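Working notes, structure below.
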Amino acid sequence: MSAVNFALGALAGAAATAVAADAYPSMMPSLGFSRPKDIELKYFDIAGAAEKVRFTLLMGGVPFKDTRVSFGDWGKMKETTKFGQLPLMYLNGEEKPYAQSGAMLRFAGAITGLMPKDPVQAFKVDEAIGLDDDLRREMRPSIMLSYDQTIKPKEKARKVKEMREKLAANEIPRFLSHFEKMLENSEYLCGSSATIADAQFLTTCRWLGSGVIDHIPADITTKYPNITAFRARMEAKPEIAAYLNKPK
Ligand SMILES: *[C@@H]1O[C@H](CO)[C@@H](O)[C@H](O)[C@H]1NC(C)=O
């Protein structure tokens, strides 16, 4: 049985005999299953869909190989991948990777303890992730349109601007208000310690506030004091700070 299958089996309550920590003896000896000894995460050299997984592994102190794929190499690599998608995650040097960043996030949460095992706590975490997914889904049409090669550039620019201005005025503030409220009385989205939901929402805050999405003002999240404090709190975590401040 592979470490993953074993881990999932143990999570499901089967065969939960103590094989506790092997590779990370000092950490979380109570997990009750063995972690993969080797993790490689392959993605483009951007935050994108992999950053939430990176943040989770970093916060959990789980070492991983953070492989970056250039857009130039992707062309020929794409058809060789499982679903024609990145990111991919390789465990224990196995040839066959896992796909789907949401699945990787939950897996990373399971092996780091940043996804609560308690079903009701996990429910809250998934609820917050669902809300963040919804926000991102609202952004998608204008992102896809901006890549559309079949529309005249001028017409496209006009449409993208119109859509983004609407997003910045309506949908984004609507979602951010919900997150602001969730952070009003708690340091993290689901309580007093970070979970995978925080790893994902931090990624979204950094993306929205990056200034790289045309017509989305870079200060869009800074109007929310609790979100602003949340972001600073997350970015001050030593593992995250070291990663973000690493010279390129
Ligand atoms: C949320 O923001 C308000 C207003 O700045 C502040 O009083 C409160 O302490 C903040 N809550 C948290 C958990 O930081």
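Within region 179-225, can you find the residues that are touching a Leu at 6+ places or on another chain (Cβ under 7 Å) and farther than 23 Å from Gly109 by Cβ?
Passing the criteria: Ile216, Ile220, Thr221, Tyr224.
So which residues in region 180-202 are within 16 Å of Gly130 (Cβ to Cβ) and crowded, with 22+ Cβ neighbours inside 10 Å?
Within region 180-202, Leu189, Cys190, Thr195, Ile196, Ala197, Asp198, Ala199, Gln200, Phe201 qualify.
Find the helices (runs of 4 or more DSSP H) located wholly in region 131-248 whose residues include 2 or more that are within 16 Å of the ligand (Cβ to nearest atom), over 18 Å from the mean Cα position of the chain (by Cα) and in contact (Cβ under 8 Å) with a residue 12 or more places away in the chain, and list them. Before the answer, list the steps.
Working: elements: 153-166, 172-182, 196-208, 225-235, 238-244.
Those helices (runs of 4 or more DSSP H) span 172-182, 225-235.
Out of (1) exposed (fewer than 12 other Cβ atoms within 10 Å of the Cβ); (2) of a type in the set (Gly, Ala, Ser); (3) touching a residue at least 60 places away in the same chain (Cβ under 8 Å), what's the single condition that is false for Ser70?
All conditions pass for Ser70, except number (3).
So, in region 52-67, exactly how many residues are assigned to a helix (DSSP H, G or I) and surrounded by fewer than 21 Cβ atoms within 10 Å (Cβ to Cβ)? Even if it seems obvious, please write down each step before you answer.
Start the filter on region 52-67 by keeping residues that are assigned to a helix (DSSP H, G or I), which leaves 52-59.
Of the ones still in play, those that are also surrounded by fewer than 21 Cβ atoms within 10 Å (Cβ to Cβ) are none.
So the count comes out to 0.
All of the numbers you see were taken from the coordinates with simple rules; none came from a lab. Remember, predicted model here, so these are calculated numbers, not experimental data. Methodologically, a virtual Cβ is constructed for each residue, glycine included, from the backbone with ideal geometry; neighbour enumeration extends over all protein chains shown.
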